[in-house]
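Peer 1: Provided herewith is a single structure, encoded as structure tokens, for subsequent inquiry.
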Amino acid sequence: MSTIPNVTSNSRPAVPASGNKAPVQVIPFTRASRKKSRLVLQTAGVLLNAGVQAVPALQVPAGGFLKRLKLTIVGTTAANAAAVAFNNDAPFNLLQQISLLSPNGDTLINVIDGFTLYVINKYGAIGTGKYDPLANPGYSAVTGAGGTGGSFSFELSIPVETDSRDAFTALQNMAANQSYLLQFSYNSTTAIYATPPTTAPTVVSTIVMEYWAAPAPTNSDGVMQASFPIGNGSVSLLQTQTPAIVAGSQQNIQLVNVGNVVRAVFLILRTAAGVRDEVDWPTVSNWYLNNDPLYYKTKPQWRNEMAQQYQFFAGLTATPTINALDNGVFVLTDFMNDGGTGDYLVQGGANRDLLLVTESSTAFNYEAVSWGAAASSLFVVEHVIRPISAAALYAPQFN
């Protein structure tokens, strides 16, 4: 992976030498532009079955600078008589094999499932504040033997823009012949339900894109306007790895997705049965940067940090529960807390001084002391930023 030239943790864009001429007034991009949204697609109803069903790949239409894609998913049942129960990752695990590709085929979001996307939405604060998807008024997952048992509704976002204050990492998307490509599939009924409804649900997906309109070079008074956000060409990436886990052992795991700027790390531990595993999380976790100790976290300390930094105080739960932390999900928040207000909370507009700049030779390691006996698989997602320059990463208005 390529390194970032001339970016260090303390670097700042150079201040130009003063001259005799007054600087030309240019209206900033986020003031000159307008946030917009448009319907991309509403799919026809798909009846779920015992298999995984691919949804045709979606080309994102051209339009300004892409902020995010919003997916509203509605599954509807009727005439149910079964005592419906959802599996632990449901209903979000309906979505499978999610990825976002750039027009040249680069992977912006590595393949993840819907529960992982839920984790990223809930704990990532990417382009938003902290947000629990279960707090959405439209969220539902109907259990029990009622006629609509097994119905569900939820909304998740495919994040693109990292910081809405300056449209940082919003993607230029104005060429009709060079489309971003969204791919995903629907999961099987056996994966979604512990006890399925009498009749499988029909699922409809509505996809909306949010974007910044491209400003004109000048406004109606002839004042120049920025046509692009600061750091146009900077990219937000969600990169994954699945390191091998040896149950009952102490392990030092090297994170392979280095060479860019790390904003957050999401870790999901599971048993051999695929169940998220809280019990077997290590008693002590150590983080190292180039073999230098970076963070020491006991399991209770880490949990307390997450509860405080996200303000999720409803405890730990095996199934998604509003304002609760999720079993087996741990997030390294140290690069995105203590943000603009200095309040130790995770924030979408956190101070970029805290971001971890890495190079392709950087050794970034997680040490587990030690895995429990039933620990089987670890899924790691890193939110990283590939800035076009130091000036883009440390935008001048945030110095």
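Peer 1: For the stretch 182-194, check the following and say yes or no: at least one residue is within 23 Å of the chain's Cα centre (by Cα) and within 25 Å of Gly348 (Cβ to Cβ). Talk me through it step by step, then tell me what you get.
Peer 2: Within the stretch 182-194, the subset within 23 Å of the chain's Cα centre (by Cα) is 182-187, 191-192.
Going one step further and asking which of them are within 25 Å of Gly348 (Cβ to Cβ), we end up with 182, 184.
Yes, the conditions are met somewhere in the stretch 182-194.
Peer 1: I'd like the full set of residues that are assigned to a helix (DSSP H, G or I) and either hydrophobic (A, V, I, L, M, F, W, C) or buried (at least 17 other Cβ atoms within 10 Å of the Cβ) (or both), limited to the stretch 327-385.
Peer 2: Arg352, Leu354
Peer 1: What do you reckon, is Ala44 surrounded by fewer than 16 Cβ atoms within 10 Å (Cβ to Cβ), farther than 23 Å from Ala175 by Cα, at pLDDT below 95 and not polar (S, T, N, Q)?
Peer 2: Numbers: surrounded by fewer than 16 Cβ atoms within 10 Å (Cβ to Cβ): yes; farther than 23 Å from Ala175 by Cα: yes; at pLDDT below 95: yes; not polar (S, T, N, Q): yes.
Taking the combined requirement at face value, the residue satisfies it.
Peer 1: Here's something else I'd like to know. Can you confirm whether the stretch 263-281 contains a residue that is touching a residue at least 40 places away in the same chain (Cβ under 8 Å), of a type in the set (S, T, N, Q) and farther than 23 Å from Ala374 by Cα?
Peer 2: no
Peer 1: Can I ask one more? For the stretch 382-399, check the following and say yes or no: at least one residue is touching a residue at least 60 places away in the same chain (Cβ under 8 Å), of a type outside the set (S, T, N, Q) and more than 19 Å from Asp163 (Cβ to Cβ). Don't jump to the end; show me each part of the working.
Peer 2: Narrowing the stretch 382-399 to residues touching a residue at least 60 places away in the same chain (Cβ under 8 Å): 382-399.
Of the ones still in play, those that are also of a type outside the set (S, T, N, Q) are 382-388, 390-396, 398.
Of the ones still in play, those that are also more than 19 Å from Asp163 (Cβ to Cβ) are none.
The answer is no; no qualifying residue exists.
Peer 1: Taking strands (runs of 3 or more DSSP E) that fall entirely within the stretch 54-164, which contain at least 1 residues that are basic (Lys, Arg)? Write out each step before concluding.
Peer 2: On the way: elements: 65-76, 95-101, 107-112, 152-159.
The strands (runs of 3 or more DSSP E) meeting that bar are 65-76.
The values are calculated or read from the model by the stated rules, or taken from the named source; none is laboratory data. This one's a predicted model, so the numbers in the text were calculated from it and none came from an experiment. Counting neighbours? That spans all protein chains shown, and the Cβs are built from the backbone with ideal geometry, glycine included.
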